[in-house]
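Below: one structure, written as structure tokens.
The values are calculated or read from the model by the stated rules, or taken from the named source; none is laboratory data. Here the structure is a predicted model, which means the values were calculated and not measured. With ideal geometry, Cβ positions are generated from the backbone for all residues, glycine too; neighbour counts draw on all protein chains shown.
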Amino acid sequence: MTQEWTLFVDSLWPIVRGGLLGTIPLAVVSFIVGLALALAVALMRMSRSRVLSGLARAYISVIRGTPLLVQLFVIFYGLPSLGLLIDPWPSAVIAFSLNVGGYAAEVIRAAILSVPRGQWEAAYMAGMSHRLTLRRVILPQAARVSVPPLSNTFISLVKDTSLASLILVTELFREAQKIAAFSQEFMLLYMQAALVYWVFCLALSTGQNALEKRLDRYVAH
């Protein structure tokens, strides 16, 4: 075997392990926290209160109008100047969660608005409160509508976690960087990292398609 092939084989598992133990957990935790935040922001955005609606609009505007890298640097490098020192991994989770919250909030709001108004009225006639209607009738239907765009958001998040390497979070791309710096084979290692990201995203896309087909059984056509 050539030297390059030997390096490729030897470095494959450390990079994959960095993805399994670093990239995926970081993406999953950030996505779960971001979804909870997105739901709260979406409901605020739909609120009749101008204050709540205005806060939600401002938050979404700031998140969608600034680069994720800048948001990450503000939290990790900027907050210490205010006396708030946060470790790399929590900093990455906060930044990615806030970013997901800003984008997913509009997805969830659109999904809620896509539920026919008659569903609300029928639930009210059955004696349900607004909160109960939202939890038992509206959100389950909105969830099915929001699966495709939210799945795409998660897949994008998996790729975006590579930015965490800039604040020294150990994940897939950080492992590739360390091996590349030692071996000086930058093209080989970065292409290998890209290949592993692609395989991860391909697996997630396959799971997304399976989930969409399963949920489609419960949607009337």
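Brief remarks on what is shown
- Residue that is more than 30 Å from THR133 (Cβ to Cβ), over 15 Å from the mean Cα position of the chain (by Cα) and part of a helix (DSSP H, G or I), where the choices are GLY54, GLY22, GLY18: GLY18
- In segment 46-62, the residues that are aliphatic (A, V, I, L, M) and over 18 Å from TYR103 (Cβ atoms): VAL51, LEU52
- Test: TRP89 is over 15 Å from GLY34 (Cα atoms) and in contact (Cβ under 8 Å) with a residue 60 or more places away in the chain: yes
- Matching residues, segment 25-49, being basic (Lys, Arg) and not in a helix (DSSP H, G or I): ARG48
- LEU215 vs. criteria hydrophobic (A, V, I, L, M, F, W, C) and at pLDDT below 85: yes
- Checking ALA181, ALA176, ALA143 one by one, the residue that is farther than 30 Å from TYR77 by Cα and among the small types (Gly, Ala, Ser) is ALA143 and no other.
- Failed criterion for SER183 (all others in (1) under 22 Å from the mean Cα position of the chain (by Cα); (2) surrounded by fewer than 19 Cβ atoms within 10 Å (Cβ to Cβ); (3) at pLDDT 85 or above hold): (1)
A quick yes/no check of all residues on (1) among the β-branched types (Val, Ile, Thr); (2) closer than 30 Å to TYR190 by Cβ; (3) surrounded by fewer than 21 Cβ atoms within 10 Å (Cβ to Cβ):
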| position | (1), (2), (3) |
| --- | --- |
| THR6 | yes, yes, yes |
| LEU21 | no, yes, yes |
| VAL28 | yes, yes, yes |
| ILE32 | yes, yes, yes |
| SER49 | no, no, yes |
| LEU68 | no, yes, yes |
| SER91 | no, yes, no |
| ALA95 | no, yes, no |
| VAL115 | yes, no, yes |
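- Count of residues meeting criterion [among the β-branched types (Val, Ile, Thr), surrounded by fewer than 23 Cβ atoms within 10 Å (Cβ to Cβ) and assigned to a helix (DSSP H, G or I)] in segment 159-178: 1
- SER30 at pLDDT 95 or above and touching a helix residue (DSSP H, G or I) at 6+ places or on another chain (Cβ under 7 Å): yes
- Check on LEU132, in contact with a helix residue (DSSP H, G or I) (Cβ under 9 Å, 6 or more places away or on another chain) and part of a helix (DSSP H, G or I): yes
- Evaluation of ALA122 against the conditions (1) touching a Phe, Trp or Tyr at 6+ places or on another chain (Cβ under 7 Å); (2) surrounded by fewer than 17 Cβ atoms within 10 Å (Cβ to Cβ) shows that the sole unmet condition is (1).
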